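Let me begin by presenting the structure, written as structure tokens, before commenting on it.
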Amino acid sequence: MLALRPNCECCDRDLPPDSAAARICSFECTFCESCADGVLAGRCPNCGGELVRRPIRPADRLARSPATTQRTLKAGGCQPSP
Ligand SMILES: [Zn+2]
Ligand SMILES: [Zn+2]
């Protein structure tokens, strides 16, 4: 099950579970759309995998299976790949 992390690992922007701006890789490294489409160019900086839009969990399911509140932040933020 997706953890639905609450923030972008690059810029620490809030990404609530119903945000359409959240992007994840297969390991659930989580980013906002502006970091994913901008500085990261669609690739996860941690694993090199592709970033896709995070699906939104329906509200009734979210009540039973809440999102994690644990924030993950990448040390030093994200740098453009060379
Ligand atoms: Zn971001
Ligand atoms: Zn990753």
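The values are calculated or read from the model by the stated rules, or taken from the named source; none is laboratory data. These numbers come from a predicted model, not from an experiment. FYI the Cβ positions are ideal-geometry reconstructions off the backbone, even for glycines, and counts take in every protein chain you see. What goes into the accessible areas is simple: the full protein's heavy atoms, side chains included, and nothing from ligands, DNA or RNA. Shrake-Rupley method; radii C 1.70, N 1.55, O 1.52, S 1.80 Å.
Quick notes on this one:
- Label-point separation in nm, residue 50 to residue 71, each point 7 Å along Cα→Cβ: 3.1
- Shape category assigned to segment 41-82 from the gyration tensor of Cα positions, a/c cut at 1.5: oblate
- Stretch gain in nm, segment residue 59-residue 28, where the contour uses 0.36 nm per residue and the Cα spacing is subtracted: 9.1 nm
- Counting only protein heavy atoms and a 1.4 Å probe, the chain has 59 square angstrom of accessible area per residue.
- Surface composition of the chain: carbon and sulfur atoms hold 53% of the protein heavy-atom accessible area at a 1.4 Å probe.
- Spin-label model, residue 20/residue 37: points 7 Å from Cα along the beta carbon direction are separated by 1.1 nm.
- Taking the helices alone, the chain has a mean residue ellipticity at 222 nm of -3000 deg cm²/dmol, built from -39,500 (n - 2.57) per DSSP H run of at least 4 residues and averaged over all its residues.
- Dividing the Cα radius of gyration of segment 1-62 by its Kirkwood radius returns 0.95 for Rg/Rh.
- Computed from backbone phi, the HN-Hα couplings of segment 61-76 come to 6, 5, 5, 7, 10, x, 6, 5, 9, 7, 7, 10, 10, 7, 4, x Hz, rounded to whole numbers (Karplus: 6.51 cos²θ - 1.76 cosθ + 1.60, θ = phi - 60°; Gly and Pro given as x).
- Most to least packed among 2-11, 56-65, 15-24, 42-51 [average Cβ atoms within 10 Å]: 2-11, 15-24, 42-51, 56-65
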